[in-house]
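Notes for the one structure printed next.
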Amino acid sequence: MGTRHRHLVKLAVTCAIILAGCARLKQCAYEGVSRDEWQQPQKVVAALKIQPGSSIADLGSGGGYFTFRLADAVGPAGKVYAVDVDPDMVGLIAKTAKEKSADNVEPLLAKPNDSLLPKSAIDLIFTSNTYHHIDNRVIYFGTLRQALRPGGRVAIIDFDRRAWIEGLLRHYTPSEFIKREMEQAGYELEQSFDFLDRQTFVVFRPKT
């Protein structure tokens, strides 16, 4: 299947979601077509060097594409908060977590302007393909600092200018925007990765 054809299929699935509003269809749209090929989830999780027992917030968790991979990384002694503003997706993750006996996954229905994460409880805030959906990002991520433990990090993956279909839909954020906004929110760049071919992958820490 060619790249253009995959994108057309993804667009068709997205249109079906608008008409259907089903949680499983929404999950398909969030995950996209052949996502494992371009998202490289195993490499992403490995790059983060997650310690067993860590507490992670999967911000904009959607259908749980990264949630359960992160839950495997933290192990039974850790915890992953699956944070989303869509009740359908939060319900779907709760159902999947029960089916998988993933007791270290805690679904969390957030508000658009408040993650509702507990204070000083999170080692890593992870967000993939969600940054461009967030309003007032400087204020939002500035407030999120309260949820981080000392030494905590924020990892952001988002589509950039190389993603043509997401660009047409305005579902992307130029990498320089992310870096500037996160600096304004009180963070400093710790690390960046370049192995994703149409996404920015950057990690920040609160400024000392």
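Only the coordinates and a few stated rules stand behind these numbers; no lab work does. From a predicted model like this one, the values you see are computed outputs, not experimental measurements. When we count neighbours, we look across all protein chains shown, and the Cβ atoms used for this are built from the backbone with ideal geometry, even at glycine.
Taking every DSSP beta bridge that has both residues in region 38-206, what percent is antiparallel when rounded to the nearest 5?
40 percent
For Cα pairs less than 8 Å apart in space and 6+ apart in sequence, what is the mean separation divided by the residue count of region 38-206, i.e. the relative contact order in percent?
19 percent
Whole-Hz ³J(HN,Hα) for each residue in region 90-98, computed from phi via Karplus 6.51 cos²θ - 1.76 cosθ + 1.60 with θ = phi - 60°, x for glycine and proline: what do you get?
Karplus-based 3J(HN,Hα) across region 90-98 equals 4, x, 5, 5, 4, 5, 5, 4, 5 Hz.
Any idea how far apart K119 and A77 come out in nm if each label point goes 7 Å out from Cα toward Cβ?
Distance between label points: 2.8 nm.
Taking a ≥ b ≥ c as the square roots of the eigenvalues of the Cα gyration tensor of region 38-206, is the shape rounded (a/c under 1.5), prolate (a/b larger than b/c) or oblate?
Rounded, since a/c falls under 1.5.
Let's test the formula: R0 of 35 Å, r as the Cβ-Cβ distance of R180 and K49. What FRET efficiency results, to the nearest 0.05?
With a Förster radius of 35 Å, E is 0.85.
Taking the Cα-to-Cβ direction at L189 and at K98 and moving 7 Å from each Cα, how far apart do the two end points lie in nm?
Each label point lies 7 Å from its Cα, and together they span 4.5 nm.
Amide H neighbours of E106 under 5 Å, counting only residues 5+ apart in sequence or on other chains, H built in-plane at 1.01 Å?
Amide H to amide H, under 5 Å and 5 or more residues apart or across chains, E106 pairs with V80, Y81, A82.
Can you list the residues, at least 5 places off or on another chain, whose amide H is less than 5 Å from the amide H of R161, using H built in the peptide plane?
S175
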